[in-house]
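See below for the structure under consideration.
Each reported figure results from applying straightforward, stated rules to the coordinates on display, with no laboratory input. Predicted, not measured: the structure shown is a model, and the values here were computed from it. Cβ sites come from the backbone with ideal geometry, for glycine too, and all protein chains shown count toward neighbours.
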């Protein structure tokens with residue numbers, strides 16, 4: 001019997017407005033869902049021009065009960081993407 005997957009939700013806060021995720025994703029651990037959240041933000045920052053990106057934006061990770069279990073700041077992920085791009 002393995003670990004049961006739990007449902008987590010990725011809300012996005014941009015300029016004080018929250019876009020709520022009503023579908024969610026399943027993950028077996030908090031570590032897994034936070035890694036997934038970082039990947040989502042990395043993809044989003046890669047698809048946007050710098051002018052379109054609000055670095056104050058944050059992805060808020062909620063659990064099944066609605067409790068906030070993590071924050072992924074776009075600015076932090078954007079800096080990592082920029083460093084990785086320069087390293088190539």
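Segment residue 32..residue 56, full-extension length gain: 6.2 nm, with 0.36 nm per residue of separation and the alpha-carbon distance subtracted.
Between residue 20 and residue 71, 0.36 nm times their residue separation minus their Cα-Cα distance comes to what?
17.0 nm
Cβ crowding within 10 Å ranks 17, 75 as 17, 75, fewest other Cβ atoms first.
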